[in-house]
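Notes to accompany the following structure.
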Amino acid sequence: MKLFFRKLGEGKPLFILHGLFGLSDNWASVGKILCEHFEVYLIDLRNHGSSPHSDEWTYSAMANDVHELTQQLNNPITLLGHSMGGKVAMQFASMYPEKLEKLIVVDMAPKDYPVKDRSLIDNLLAMDLEKIKSRKKADENISSFVKESSTKQLLSKNLYWNEEQKLTWRFNLKDISKNVSTIGKTFSVKNALLNDGVGQGIQVPALFIKGEKSNYILDLDIPAIKKIFPNSEFKTIEGAGHWVHADKPKEFAETVMEYLD
């Protein structure tokens, strides 16, 4: 699948993958900082943003999409993924380690997470966009079941007027709803570990960045991460929650540049 992306700057290629319900535009601010040193690709994953929709929505499929995008480049890439995008990045590292120079995973561990977004998805499905005639009304509707400002902003950015002048979601809500429990699980580690749970692991140098206020990566997760990614390092961004790059963009960008320098 040919993914939509925005390219900024020149230098070594740095691919950035957003999280669930995200899109490339969420990374514009950080991208503008990083593109002073790298050729930054801000990517819309399948079923998100301006990329195509598909009823096949798995980590392997998304990793293959990213791999297709790397085919136009001669050199290995650095791959950075946040949340769901972090799992896509880990899946990519498992399938195509030779394509990676470095891996950066933001606030996500290689483990199963309980589905937190089921009620949010059900509320989004219940929104009758046919009857909503203004963005203001749509925002008011979203505010009735979403209290966190960052999530409200994320969802609002995903609304656009289609060719029939009707409000429409950029993300593929139907297939996201159908497959969200699968996406809550971890990526496939079959290429990283042997059947007995031990082995070489994925040798790609990796940085795991967590937000100080987030509980997505716990101290007890680190031994399991080190087993799969033996060449991994860990950084915590003070004062940041799960949306590390949005909460502390300057500190986040500095951490990334320091690791890649």
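Summary table below
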{"quantity": "Failed item in (1) surrounded by 15 or more Cβ atoms within 10 Å (Cβ to Cβ); (2) among the β-branched types (Val, Ile, Thr); (3) at pLDDT 95 or above; (4) not in a loop (DSSP other than H, G, I, E, B), with residue 180 passing the rest", "calculated": "(3)"}
{"quantity": "Near pairs, Cβ below 7 angstrom, 6+ apart or cross-chain, from the range 240-259 (touching a residue at least 12 places away in the same chain (Cβ under 8 Å)) to any residue that is among the acidic types (Asp, Glu) and buried (at least 23 other Cβ atoms within 10 Å of the Cβ)", "calculated": "242/107; 244/107"}
{"quantity": "Only listed residue being assigned by TED's automatic domain parsing to the domain that holds residue 252, surrounded by fewer than 18 Cβ atoms within 10 Å (Cβ to Cβ), charged (D, E, K, R) and free of Cβ contacts under 8 Å to residues at least 24 places away in the same chain, chosen from 68, 56", "calculated": "56"}
{"quantity": "Residue within the range 12-26 that is more than 14 Å from the chain's Cα centre (by Cα) and of a type in the set (Lys, Arg) present", "calculated": "yes"}
{"quantity": "Residue ID - nearest to residue 95 (Cα to Cα), chosen from residues in the range 27-56 that are within 14 Å of the chain's Cα centre (by Cα) and among the aromatic types (Phe, Trp, Tyr)", "calculated": "41"}
{"quantity": "Residue that is surrounded by the most Cβ atoms within 10 Å (Cβ to Cβ), among those in the range 27-45 that are out of contact with any Leu (no Cβ under 7 Å at 6 or more places or on another chain) and in contact (Cβ under 8 Å) with a residue 40 or more places away in the chain", "calculated": "30"}
{"quantity": "Scan of the range 118-174 for residues that are in contact with a helix residue (DSSP H, G or I) (Cβ under 6 Å, 6 or more places away or on another chain) and β-branched (Val, Ile, Thr), ordered by number", "calculated": "121, 132, 142, 146"}
{"quantity": "Candidate set: the range 152-177, residues that are among the polar types (S, T, N, Q) and free of Cβ contacts under 8 Å to residues at least 24 places away in the same chain; chosen: the one surrounded by the fewest Cβ atoms within 10 Å (Cβ to Cβ)", "calculated": "165"}
{"quantity": "Some residue of the range 23-35 being farther than 24 Å from residue 188 by Cβ and in a strand (DSSP E or B)", "calculated": "no"}
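Conditions (1) polar (S, T, N, Q); (2) within 29 Å of residue 149 (Cβ to Cβ); (3) surrounded by fewer than 19 Cβ atoms within 10 Å (Cβ to Cβ), marked per residue:
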| residue | (1), (2), (3) |
| --- | --- |
| 203 | yes, no, yes |
| 208 | no, yes, no |
| 211 | no, yes, no |
| 217 | no, yes, no |
| 222 | no, no, yes |
| 237 | no, yes, no |
| 250 | no, yes, yes |
| 256 | no, yes, no |
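The values are calculated or read from the model by the stated rules, or taken from the named source; none is laboratory data. Predicted model only: the values in this text are computed from it and were never measured. Cβ sites come from the backbone with ideal geometry, for glycine too, and all protein chains shown count toward neighbours.
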